[in-house]
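What follows is a set of notes on a single structure, which appears directly below.
The values are calculated or read from the model by the stated rules, or taken from the named source; none is laboratory data. Remember, it's a predicted structure, so these values are computed and weren't measured experimentally. FYI the Cβ positions are ideal-geometry reconstructions off the backbone, even for glycines, and counts take in every protein chain you see. Please note that ligands, DNA and RNA were not included when accessible areas were found on the heavy atoms of the full protein model with its side chains. Shrake-Rupley method; radii C 1.70, N 1.55, O 1.52, S 1.80 Å.
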Amino acid sequence: MESSIPLIVSSCDKCSDLWQPFFYLVKKNWPDFDRRVYLCTDSETFAYDEFDIACPLKMQSGSTWSENLMTLLKRMDEDH
């Protein structure tokens with residue numbers, strides 16, 4: 001990994017149809033991207049070629065966007 005500063009993508013399970021095109025465009029427009037990605041979702045996981053994507057949350061149904069983001073920030077290993 002080039003940088004210890006990860007990319008946080010805050011989303012939700014209902015938007016999972018947008019993840020594929022999002023990561024396609026990141027790869028296309030940022031070809032030397034080499035960071036860890038935290039995909040902040042409710043409970044679904046996702047993988048995309050050549051990306052180190054972590055989806056560490058398994059939140060209960062009905063959790064809010066802000067609860068998910070705060071939980072993710074507490075679980076991250078990176079300092080930044």
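Data overview
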quantity	calculated
Residues located in region 10-38, provided they are in contact with a helix residue (DSSP H, G or I) (Cβ under 7 Å, 6 or more places away or on another chain) and closer than 14 Å to Met76 by Cα	Ser10, Tyr38
Subset of region 34-58 [in a loop (DSSP other than H, G, I, E, B) and either open to solvent by 80 Å² or more (accessible area, probe 1.4 Å) or out of contact with any Phe, Trp or Tyr (no Cβ under 8 Å at 6 or more places or on another chain) (or both)]	Asp34, Arg35, Thr41, Asp42, Ser43, Glu44, Thr45, Ala47, Asp49, Glu50, Leu57, Lys58
Region 1-33, subset polar (S, T, N, Q) and either without any contact (Cβ under 8 Å) to a residue 40 or more places away in the chain or outside any loop (DSSP other than H, G, I, E, B) (or both), residue most open to solvent (accessible area, probe 1.4 Å)	Asn29
Tally, over region 59-72, of residues that are touching a residue at least 12 places away in the same chain (Cβ under 8 Å) and either in a helix (DSSP H, G or I) or within 13 Å of the chain's Cα centre (by Cα) (or both)	5
